[in-house]
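First the structure, in the form of structure tokens, and then the observations on it.
The values are calculated or read from the model by the stated rules, or taken from the named source; none is laboratory data. The shown structure was predicted, so the numbers you read here are calculated from the model rather than taken from an experiment. Neighbour counts are summed over all protein chains in view; Cβ atoms, including those assigned to glycine, are modelled from backbone coordinates with ideal geometry. Note: areas computed on protein heavy atoms with side chains; ligands, DNA, RNA excluded. Shrake-Rupley method; radii C 1.70, N 1.55, O 1.52, S 1.80 Å.
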Amino acid sequence: AMLAVLGFLVGEKVEGSSFLFDSQISGPAITHIPQVPEGFWALLLLSIGATEQFRAEKGWVDPSETPIDAPGMLKADYTPGDLG
């Protein structure tokens with residue numbers, strides 16, 4: 001969190017030197033999020049969704065195959081965090 005604050009403050013001083021989004025984002029850091037192109041947010045949402053779907057399929061038993069009293073049951077051969 002402290003590093004994020006430092007980045008926030010330093011970012012105020014180096015405006016216009018960013019390689020992201022062709023340096024089109026300007027002004028105070030607090031106003032940057034609305035300036036990011038909408039396509040970026042769609043791509044970010046799809047990436048996170050695909051990653052979460054992969055993780056769910058890899059680690060959890062299909063809900064239709066679990067007992068009613070054991071929702072969210074992990075697969076026997078799955079170790080949390082091991083997606084390799």
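Worth a mention:
- Relative contact order for the chain, counting Cα pairs under 8 Å that sit 6 or more residues apart, in percent: 16
- Mean residue ellipticity, 222 nm, helices only, the chain: the sum of -39500 (n - 2.57) across DSSP H runs of n ≥ 4, divided by residue count and rounded to 500, is -14000 deg cm²/dmol.
- Alpha-carbon Rg with Dmax, taken over the chain, Å: 20.4, 57
- Between helix 2-13 and the chain: long-axis angle, C-alpha atoms, 0 to 90°, nearest 10: 30
- Thr51 exposes around 80 Å² of accessible area when a 1.4 Å probe is run over every protein chain in place.
- Label point 7 Å beyond Cα of Met73 along Cβ direction - residues of the range 24-59 with amide nitrogen under 15 Å: 59
- Take the Cα of Val61, step 7 Å toward its Cβ, do the same at Glu38, and the gap between the two points is 4.4 nm.
- Counting only Cβ charges, +1 for Lys and Arg and -1 for Asp and Glu, the dipole size of the chain around its Cα centre is about 260 debye.
- Amide H to amide H distances under 5 Å link Trp60 with Lys75, where only residues 5 or more positions off or on other chains count and H is placed in the peptide plane.
- For the chain, the residue among Met73, Ala42, Ser26 whose Cα projects farthest onto the positive side of the dipole built from Cβ charges is Ser26.
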